[in-house]
Every structure is written in structure tokens, then in C-alpha cells.
Amino acid sequence: MRKVTSMTVHPLPWDHDRLVVRRGRRSGVTTMVAIHSTALGPALGGCRMKAYAGLDEAERDVLRLSAAMTDKCAVAGMDFGGAKSVIALRPGQQLDAEERHAVLLDHAELIASLEGQYLAGPDIGTGPEDMLVLREQGAPAFCLPESAGGIGSSSGPTAQGVLAALRAASGAVFGTPDPAGRRVVVCGFGSVGRLVASGLADAGAEVTVSDVTEGARADARYLGYAWAEPAEALALDADILVPAAVGGVLGTDTVLNAPLIVGPANNQLVDDGVASSLAARGIVWVPDYVASAGGVVYTVAREVEGLDHATAAARVAAIGDVVSALLSDSAARGTTPLAEAAALSRRRLGGVRTAAV
Ligand SMILES: NC(=O)c1ccc[n+]([C@@H]2O[C@H](COP(=O)([O-])OP(=O)(O)OC[C@H]3O[C@@H](n4cnc5c(N)ncnc54)[C@H](O)[C@@H]3O)[C@@H](O)[C@H]2O)c1
């Protein structure tokens with residue numbers, strides 16, 4: 001196992017706790033875990049399985065994502081640190097069932113060697129069934145299938161957290177949290193986007209949805225939603241834009257015509273500087289790691305802390321209180337909601353530097 005410590009100048013950023021990288025003895029696939037911070041408790045974060053151009057790219061991804069998890073946990077009030085893991089496939093590499101199982105066993109071995117400091121959840125390319133394989137091999141993992149006593153998909157609580165954030169932000173921007181009559185564009189009609197869209201439609205909002213797949217378009221038509229082409233969706237004249245697809249969609253030059261942006265998509269900004277540019281354009285952007293925390297908040301409360309549904313759901317709903325406070329503080333101080341979220345994270349961490357790499 002290659003263990004990189006904070007004595008290593010490259011590629012480990014100064015504020016990461018550790019990065020462990022190992023080529024699996026069964027699968028030959030390289031997997032890695034980055035633990036950004038354990039200041040608040042054991043570090044948790046998703047396990048991403050995808051193809052990378054090279055291991056440098058995979059390391060950059062796992063380091064950046066683990067740092068963001070520290071902020072996500074800290075701002076959501078969780079007593080957990082931030083981490084992430086990556087199963088780095090080669091370009092074009094496809095795994096059959098047996099190879100996938102071997103990769104998961106290798107990854108479980110790596111996670112188990114961290115002695116409880118990393119708790120894995122699902123991310124792009126992995127799901128609850130994979131978490132069960134990790135758990136069965138002695139690796140701490142959450143978001144297990146319902147058949148194994150877990151909560152299954154985290155999409156429901158993630159959507160509930162987005163709706164809580166959206167209501168709170170609507171209160172700040174429009175003077176009322178009620179989405180009734182608001183024109184909302186949901187970009188990305190996937191697991192979370194669909195639930196956010198239906199929650200808003202049920203509350204009386206005028207919902208337009210968009211996606212890149214024909215299946216999503218057919219489903220949207222069947223369910224009676226207005227449709228926007230993906231290339232035009234972000235620029236639609238609306239009250240609220242909900243990015244629920246991929247990251248990197250909001251840049252300084254992106255044409256936007258909604259005064260409020262709040263959604264679950266991770267890493268929505270091309271870079272953190274875009275937060276200032278959005279504020280200067282009079283657009284309120286709720287930091288994605290605040291709005292999207294519902295899934296991890298709920299799942300960890302239920303599966304790791306053993307809390308009941310009502311207590312866990314109340315924690316998800318409290319994301320709305322966090323958003324209200326961030327927006328009120330940013331308005332009062334002339335800062336961005338992102339700056340306020342980062343400051344809140346730093347306060348919880350007792351001054352430990354947490355900037356994303
Ligand atoms: N599922 C969760 O619990 C969770 C938690 C936190 C964050 N997120 C983030 O929220 C986002 C949505 O998650 P999900 O679970 O619904 O994913 P998903 O894969 O089910 O849905 C994403 C949808 O976006 C569509 N899409 C891709 N590119 C697009 C584009 N350019 N324009 C419009 N649509 C496009 C896809 O076709 C897909 O239908 C992701 O960024 C994810 O990382 C999800």
C-alpha cells in the first residue's frame with residue numbers, strides 16, 4: 001500500500017489528513033481513500049467508481065471531493081469528518097460481475113485497514129448493494145439495501161433537503177417560502193430531480209423539467225411536466241433554477257435568468273469565484289453542499305447513529321434553518337452565501353483550514 005502522509009508535498013494538499021492508494025491484489029484495479037478531516041469525528045464520503053484518464057486525475061478527484069465532504073458535514077451540523085474514495089477504472093474499462101466483486105473486495109480491504117476512520121457510502125458508479133459487499137467484508141459502509149436493514153436509496157432524503165433549502169431561500173428572496181405559483185426549472189430529471197419536481201408540482205409550482213435522455217423526456221411528457229431542451233434550460237426565464245444533473249454548469253458567462261438557484265447537483269460552480277459573480281448579478285446561489293446534504297444527513301442518522309425516522313427527518317428539515325441563516329448573514333455582511341458557509345464550516349472545525357483543492 002502506498003500511504004502518502006502530510007509530509008508529502010505533492011499531490012497531498014496541506015490540509016488533508018491522508019491519502020491511501022493501493023492496487024488491488026485480486027482485481028489489479030487501483031482504489032484510493034482520501035481522508036480530509038477527522039476533527040469532528042470519523043470521516044465519511046461516497047465511493048466513486050468510474051474511468052479516469054490517469055491516476056493523477058483520480059487523485060485530484062478524491063482529494064477535492066473529500067475536502068468538500070468536510071464542509072458538507074460541518075455545515076450540516078454532523079459530528080463527522082470528510083472523506084471520499086475512488087475505484088479508478090482505466091479509460092473504457094468495463095467490469096463483469098465477477099471482476100466488480102473482486103474490485104469491491106479489494107476496496108473493502110483498503111477501507112478496513114483504516115480502522116474505522118473512513119465510512120463509505122454510495123456515489124457515482126456504486127449503490128446500496130455495493131455498500132453491502134463492503135460491509136460484509138468488515139469495511140464500515142452506510143446506505144445499505146432495505147433488505148439488509150438499510151435505508152436503500154438516499155435520493156428521497158436528498159430531495160427533501162433540497163426542498164427545505166428551496167423553501168428557506170424562497171423566504172429570503174421572495175418574502176414567502178411557499179413555492180405555489182413559482183416558475184421553477186429543474187435541470188436533470190433523474191432520481192433526485194424527479195422527486196424535487198413532484199414535490200414542487202404538488203405544492204403548486206409551475207415546473208419545467210429538462211434532461212439529456214429520451215427516456216426522461218418521455219417520462220416528463222407522461223407525467224405532464226413542461227419540457228425544456230437541455231441547451232436552453234439554464235437560461236429560461238424563471239423564479240428558481242434547480243441544477244439536478246452534473247457539476248460545472250455555472251460559470252461567470254453562463255446565461256441565467258432566475259434570481260434564485262438551489263439544487264442538489266454537486267460542484268455546480270466552474271470555480272468558487274463564480275459565487276461572487278452570481279451575487280454581483282443579483283442571483284442568490286445556495287451552496288450545493290448545503291442544499292444536497294439531506295441524503296447523507298438522513299442515512300447516517302438512521303444507519304450509523306441508529307436514530308428513528310422522525311429524528312433523522314427533522315435533521316434533514318433543519319437544512320432550511322441553515323440556509324436561512326447563511327442567506328441572512330450574507331445579506332447583512334455583503335458576502336456570498338458560499339463565503340458564509342465556508343466560515344460556518346471553519347467555526348465548527350475550530351479554525352482548521354478546509355478550503356477545497
Ligand atoms: N442521489 C443523491 O442522494 C445525491 C446526494 C447528493 C448529491 N447528489 C447530486 O445530485 C445530482 C443528481 O443526482 P441523482 O442521484 O438524481 O443522479 P441521476 O444520475 O439519477 O440523475 C441525473 C440526471 O441528469 C441528467 N443529465 C445529465 N447531464 C445533463 C444535462 N447536461 N442537462 C440535463 N440533464 C442532464 C441525466 O440524464 C440524469 O437523468 C448529481 O450531481 C449528484 O451527484 C445526489
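Give me the percent of DSSP beta bridges within the chain that run antiparallel, rounded to the nearest 5.
The answer is about 35 percent antiparallel.
Could you identify which residue out of Ile124, Ile35, Ile283 has the top mean-square fluctuation in a GNM of the chain using Cα springs shorter than 10 Å?
Maximum fluctuation in the GNM of the chain, among the listed residues, is at Ile124.
Taking the alpha carbon gyration tensor of segment 159-235, what are the square roots of 5 times its eigenvalues, largest first, to the nearest whole Å?
22, 12, 11
Taking H as built 1.01 Å from N, whose amide H comes closer than 5 Å to the amide H of Arg48, not counting residues under 5 places away?
Ser85, Val86, Ile87
Cα centroids of segment 265-280 and segment 297-343: how far apart, whole angstrom?
One Cα centre to the other: 19 Å.
Once Rh for segment 1-125 is found with the Kirkwood sum over Cα pairs, what is the Stokes-Einstein diffusion coefficient at 20 °C and 1.002 mPa s, in µm²/s?
150
Can you tell me which of Arg100, Arg302, Arg182 moves the most in a GNM of the chain? Springs connect C-alpha atoms under 10 Å apart.
Per the Cα network of the chain with a 10 Å cutoff, Arg100 tops the list.
Kirkwood Rh over alpha-carbon pairs of segment 225-310, then Stokes-Einstein at 37 °C and 0.692 mPa s: what D in µm² s⁻¹, rounded to an integer?
231
Can you give me the accessible area per residue for the chain, using a 1.4 Å probe, in Å²?
In whole numbers, the chain has 42 Å² accessible per residue.
Rounded to the nearest 500 deg cm²/dmol, what is the calculated helix-only ellipticity per residue at 222 nm for the chain, with -39500 (n - 2.57) per DSSP H run of length n ≥ 4?
So the calculated ellipticity at 222 nm is -12500 deg cm²/dmol.
Using the Karplus equation 6.51 cos²θ - 1.76 cosθ + 1.60 (θ = phi - 60°), what ³J(HN,Hα) coupling, rounded to whole Hz, does each residue of segment 272-285 give in order, writing x for Gly and Pro?
4, x, 5, 4, 5, 5, 5, 4, 5, 8, x, 9, 8, 10
At q = 0.18 Å⁻¹, what is the base-10 log of I(q)/I(0) for segment 63-206 according to the Debye formula with one equal point scatterer per Cα and no solvent? Please give it to two decimals.
Result of the Debye calculation: -1.12.
Against the longest principal axis of the chain, how steep is helix 97-112, in degrees 0 to 90 to the nearest 10, with axes from Cα atoms?
On a 0 to 90 degree scale, this one is about 80.
Taking Cα atoms, how many degrees apart are the long axis of helix 214-223 and the longest axis of the chain, rounded to 10 and kept between 0 and 90?
50
Summarise the accessible area of the chain (1.4 Å probe, protein heavy atoms) by the percent that is carbon and sulfur.
51
Give me the Kirkwood hydrodynamic radius of segment 209-357, using the inverse of the mean 1/r over all pairs of distinct Cα atoms, in Å to one decimal.
Hydrodynamic radius (Kirkwood, Cα only) of segment 209-357 equals 17.0 Å.
Given 4 °C and 1.567 mPa s, how large is the Stokes-Einstein diffusion coefficient of segment 142-299 in µm²/s, with Rh as the Kirkwood radius over Cα pairs?
D = 83 µm²/s.
Could you work out the Kirkwood radius for the chain, taking every pair of different alpha carbons, averaging 1/r and inverting it, reported in Å?
Over the chain, the inverse of the mean reciprocal pair distance is 20.6 Å.
Comparing Thr254, Thr31, Thr336, which has the greatest mean-square fluctuation in the GNM of the chain with Cα pairs linked when under 10 Å apart?
Comparing Thr254, Thr31, Thr336 in the GNM, the peak value goes to Thr254.
The values are calculated or read from the model by the stated rules, or taken from the named source; none is laboratory data. On a predicted model such as this, the values are computed, not experimentally measured, just so you know. With ligands, DNA and RNA removed, areas are computed over all heavy atoms of the protein, side chains included. Shrake-Rupley method; radii C 1.70, N 1.55, O 1.52, S 1.80 Å.
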